[in-house]
Each structure stands twice: as C-alpha cells, then as structure tokens.
Amino acid sequence: MTPGPDPTRLDPALARRVWIENLAPAVDGGLYPIKRVVGESVTVSADILVDGHEAVAGVLRFRPASQADWSELPLGPLGNDAWQGIFPITTLEPYHYAVAAWIDRFASWCQVLVKKHQAGQEVASELLEGAALVQAAAARGADQDALWLASVAARLAAPTPVDERVCLALAPELAALMGRYPDRSRETTTPTLLVSVERPRARTGAWYEMFPRSATTDPARSGSFRDAATRLPAIAALGFDVLYLPPIHPIGKSHRKGRNNSPQAAAGDPGSPWAIGTAEGGHDAVHPELGTIEDFTAFRRQAEAHGLEIALDLAFQCSPDHPYVAEHPEWFRHRPDGTIRYAENPPKQYQDIFPLDFEGPAWEALWQELLRVTLFWVGHGVRIFRVDNPHTKPLRFWAWLIHEVRTRHPDVVFLAEAFTRPKLMYALAKVGFSQSYTYFTWRNTKTEIIAYLRELTSSPVREFFRPNLFANTPDILPEYLQYSGRPGFVVRLVLAATLGASYGIYSGFELCEGQGLPGTEDYLDSEKYQLRPRDWQRPDGIQEFVARINAIRRGNPALATNDSLTFHAVDNEHLIAYSKHTPDLENIILVVANLDPHHAHDGWLELPIAALGIGPAEVFQAHDLIGEGRYLWQGAKSYVRLDPAASPAQIFRLRRRVRTEQDFEYFM
C-alpha cells in the first residue's frame, strides 16, 4: 500500500518569499496567446513583491518554440514594485516567456551595510556576513570569476581597516560580478505564457477586393483570369499589397439569385459566388468561366510579379448542387421532412446556400475535409484567406483548423469577415485569426471614431485583435458614402488608411460608386449578383489620390502599426486629429480630417509637443504629404482649415530642425 503524503512535511516552494503578480501582457490570464509579427518585440511587466525591505532581482525568460534553452534578460525597475523587460521576436514561430525573481541577498546586505556605516555603527559582523555571501557566489562562479570572488571574500573577512573593507564591498565591480552569479535557489517563476508569431503581412497591408468575372467589356460575358490579369498593372499602380478575390469556385444553379438579390434568376444571371458548388466541382475547383486551376496559378504568379499577394475567400457553405450534398448528406442539417435546411438570417433567406453541420454525427470527417480544402489552396500558393462569416461556425473548429494549417505553414494569414457581436469577434481573434473586419465602416462621428479606435489600440484588446479597416465591401455601402459624394470617399479613405495598419477597399470605391438600393446598405445592381464592367478611365475617379495615400503609407513606417495612435484636441467637433510615430520619433505622422463632407471647417489643434520630442518654443516643420506644402509651426497650438471641396483631409509629417557641425540647418 502506497503511503499518503506526510502531513508534517510542507512543499518547499512555500518557502519562496518573492511574490509575482500582474504579469503582462497576458490574454485572459494566459489562456490565449498574445500576438506579434517577426521584427516586433514584447514588453513584459510584472509586480515583484517581497515581505520586509530586502532587495529583489529578476529576469525575463524567453525562447522560441524550436529551442529548449531559455534566454534571459535582466528586468529593470519602474518604481512602486513594478519591473519591466523587453525581448525581440526574430523567427516565424511561437515564443514562450515568463518572469523569474528572487531576493538579491547581496544587494540587501549592501543596503544595510551602507546605513549602519554611515550612522557610525559597528559593522564588523556585517562584513563577515558579506564575506560569506561572496564566497558562496565564488562557488557558483566560473574560472577567473570564481578566483576573484574568493579573493574578495578573504579580504572582506580579513582584520584590515573597516573603511577599506566597506569600500571594497561597495565597489561597482563586485556588484556586477555578484549580479552575474546570484543565489536563485529559492526563486519564484511565473507560469509560461505564449506569443503567437506571424509574418508582417498579418499586421500591415493595403487590401483591394475585385471580382475577376467583372474584368470584361461585355456585361453578358464573364471575365476570366486572363482578363483579370489585364487589371493587375493598374491595381499595383494604386499601391495595394493584397488582392482579395471572392470565391472562384463553380456557382450553383438551384435557387440561383438574380440581380439585386432577386429570388428568381433570369437567363444569363451569373449568381452569387458564395453559392458554391455544381456537378463540375466544389471548394477545390475553379469556375469554368474563370478558367482552370492552371489559369489561377498563372494569375497568382502575375499578381506576385506586380507586388500583389492573392487572398482567397474561404466560404464553408454549399449550393444545393454541391457534390457534398449527394455524396455526404450527413454533413448537412435536415428538417423533419427530410429536406436540407438552407441558410437564413430572418427575415433574410438564402435558398441558394446550404450551411454545413459542424456538430453533426459526421463532424470529424467534415472537419478533416475542410482542412484538406484549405491545404489544397495553400498547395497552390495561397497564403492569405479571407474567411466568410466565421462567427457562424464553432470557435473550436477554427482553433483546430488554424492550428493545423499553421503547424504546417506558419506564414498563412487568416482574416475574419465577422460583423457580429464584439465579444464574439474578439473570441475569433483569440483562437487564431490574424485580423478581423471591424465596426469602423459605421463609425462616422468624431466621438464614435475616437472611442472605437481607442478600444482597439489602447486597451488590452490590442494584444490579440488586429483590425482591418475596410471602407466598404460588396455587402456594405455605408450610408455616409451614399450621400457624401467625392469628399466622403476621400476622407473615409484617409481615415481607413491612416487609422489602421491594415485597411481595404472594394473595387469601385476609387470611382466613388455610391448608389445604393433605397433604404438599405446594399449596392444598386450589386456585383454579387451580376457582372459589373467599369470604365476605369472615368475622369471623376480618385485613382491618383488612392495611389498617393498608399505611397504615403509605404513611405512612413509610423503608419505600419497601431501602437502609437494618439488622438489630439481640436476645438471643432467636425475636425478630428491624430498622430502616429515610430519609437525613436524619427517618423511622426499627423492627420487632420474634416468629417463633414459638405462644409468647410476650421479650428485650433493642440499637440502634445513634449511627448513628440519638440520643445515648447521650438520651430518645427509640418510637411503636407498630400499637397507637398511645408509650413513652420511653433508651440502646441496650430490653426487648421479644411474645405471638402478642395481636400477634406491633410496628412503631415512633422520634422524637427537639425543643425549640422557646419552650422547648416535642415528639417528631418
């Protein structure tokens, strides 16, 4: 019989006197990983406490998942028992981190020695205690360090003048070496936390959405990938990084939707790309009118040659004609009468779409099949997926699928198209989605924008949720764009592209397409249900402005992150002002926008110039990156006026005056 625990023996860990709390960053106490991209760093803080007045020391421990050994960096004090350390992310793999701390007995001894010696008290006994501490460190030391420490220990214990031994005890050289070999036998270590690491595209990018089938001059003939390739130079010239394609698979014919979401399709109506699957194939097939899988590969390679990365829509749903319906009826939810339940969002009905049953009796086979489909497209060079309506599928499914994909291909990025409840959007981010659509599309007033962007970039949400600020989508033509004209498109572009490190527009935005179905946010003659050939040479477009904004994004690293986003006071509710800057303040971007697309507004802007490294009387330059004007500002307050008829927004780069050794001044 195995004896039980000895009630007279306590766990030795209970004797560890150092207490660590408030370890940050941590998502839900470490239940989910924080997020970073390669090239970023993680700033870790914790409160380290000990009873009494003894000194503590600590280290930040970190390691990539591929390494067994920990690296350590010393923690620095922030005051009030708070400590901090920073470690870099250099490889595309998960990272682990923790904090370890212990009582620094040598530093504690030095504190007591100084106080007693300065008070004129006898310290002979204290010097013997110090000699013992140094001798113990010598036993932990290596080679010459051990010999030197042993000699110091002997000198501290020797009957030499006290002042000489005190001076020796407090020498910086001894403190440095004692810090190298601390007594960590009773250190306290926090639980290990995780960093999910992705490539930089997961954080930063300009997205452009297009329907390849609309790359045609004939509204009765679908465009192909070869036709769509002729649009690549123009899209690349606009300065975008990612080209997102709606589903490219065969489109079902049963219950096909007609123009403007009509429940009855007319002859020749192409149907919605999201009604996936026919006898010609399903999620791993290409619509014959677009071409073949080889044509897709050629299109992807041409896009990459123009600096555009393809993002593919991942829509896990089926038309009634999808091969899954006949081959795997167990993957669908059936009504009592035996028919398959189609998708609904009452009162809306989607008779052309069957949702999959992710919790049915055959769920395991279904999940494995959807993983296979995802990896199929990864195998054909797709490394970005825009996932349609992920909030209508189980969170555990996404956690599993994303983990399985990234275990094999850590460079794959997932964007969640989840316009749903905030906590569910955040949960999708926690389980693995790289980015998410946001409510920015409906945030129009100054108060709304500031409150929402602060939530996304200045609260704990920033550690796991990366916003992608789409200005419009094929599903959403915001009311603001329907009635604001060209100035509205300009200002929403500027806001999306500068508030967010990632943003996107749907094709036609650059032509200021704003005609909606009355009383809705749907486009009139929506491209979801018909071909939309466009005249890309229209003189009323804003293509040049879009290209300018994307060039500004690429040329200013401050806009590549959301970490430093700060809003500034302007004494006019129609004017919004905010800035971003790099950590070294070498790149400072200030944006001022007029949210009223119909009237000019002016006001006084107040900047926190001290926080931007600018002196109270210092003259600095505000370089207008849109109009190329250069203005000299001084002090915290500056006057601004924006007329939407000319430009509803300005983007400034703030430059400080620099004097060279040759007494030459310039702004940098």
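The values are calculated or read from the model by the stated rules, or taken from the named source; none is laboratory data. Here the structure is a predicted model, which is why all the values come from computation and not from measurement. For neighbour counting, all protein chains shown are included, and Cβ atoms are generated from backbone atoms with ideal geometry for every residue, glycine included. Surface areas here come from the heavy atoms of the whole protein model, side chains and all, with no ligands, DNA or RNA. Shrake-Rupley method; radii C 1.70, N 1.55, O 1.52, S 1.80 Å.
Brief remarks follow.
- Residues of region 1-156: accessible area per residue with a 1.4 Å probe, Å²: 56
- Ranked by how many other beta carbons lie within 10 Å on average, peptides 130-141, 454-465 from highest: 130-141, 454-465
- Karplus (6.51, -1.76, 1.60) ³J(HN,Hα), θ = phi - 60°, over region 527-540, in Hz, Gly and Pro reported as x: 5, 5, 10, 7, 6, 10, x, 10, 8, 6, 9, 4, x, 8
- Size descriptor for region 166-315, Kirkwood hydrodynamic radius: 19.7 Å (Cα pairs only, one decimal).
- Dimensions (Å) - region 286-366, Cα atoms, principal axes, largest first: 53, 31, 23
- Scattering curve values for the chain, log₁₀ I(q)/I(0), Debye with Cα scatterers, q = 0.05, 0.08, 0.09, 0.10 Å⁻¹: -0.34, -0.75, -0.88, -1.01
- Surface exposure of region 355-439, expressed per residue as accessible area with a 1.4 Å probe, stands at 37 Å².
- The radius of gyration of the Cα set in region 242-319, together with its Dmax, comes out at 13.7, 41 angstrom.
- Measuring max minus min along each principal axis, the C-alpha atoms of region 305-417 give extents of 51, 28, 25 Å (largest first).
- With the Kirkwood sum run over all distinct C-alpha pairs, region 433-572 has a hydrodynamic radius of 16.1 Å.
- Amide H contacts of VAL37 (H built 1.01 Å from N, under 5 Å, at least 5 apart or other chain): GLU198
- Each peptide among 306-313, 86-93, 107-114 gets the average number of other Cβ atoms lying within 10 Å of its residues, and from highest to lowest they stand as 306-313, 107-114, 86-93.
- Nearby lysines by direct alpha-carbon distance to LYS348 (threshold 19 angstrom, same-chain neighbours under 8 apart not counted): LYS257, LYS393, LYS528
- Nearest-20 debye value, the chain charge dipole, Cβ charges on Lys, Arg, Asp, Glu: 240
- The residues of region 468-575 present an accessible area of 34 Å² per residue when probed at 1.4 Å with all protein chains retained.
- Distance between region 270-324 and region 352-385 - C-alpha centres, whole angstrom: 14
- Peptides 467-479, 182-194, 414-426 ranked from most to least packed by the mean count of surrounding Cβ atoms within 10 Å: 467-479, 414-426, 182-194.
- Using only side-chain charges placed at the Cβ, +1 for Lys and Arg and -1 for Asp and Glu, the dipole size of region 531-622 relative to its Cα centre rounds to 600 debye.
- The alpha carbon convex hull volume per residue for region 99-185 rounds to 92 Å³.
- The alpha-carbon positions of region 47-134 define a convex hull whose volume is 122 Å³ per residue.
- If R0 is 56 Å, the Cβ-Cβ spacing of GLN351 and CYS167 corresponds to a FRET efficiency of close to 0.05.
- Label sites at HIS403 and ARG341, each approximated as a point 7 angstrom past Cα along Cα to Cβ, lie 2.8 nm apart.
- Residue-span extension gain [ALA65 to ASP540] - 0.36 nm each, minus C-alpha spacing: 165.7 nm
- For region 473-554, the Rg and Dmax computed from alpha carbons only, in angstrom: 12.8, 38
- Surface composition of the chain: carbon plus sulfur atoms contribute 54% of the solvent-accessible area (1.4 Å probe, protein chains only, all chains present).
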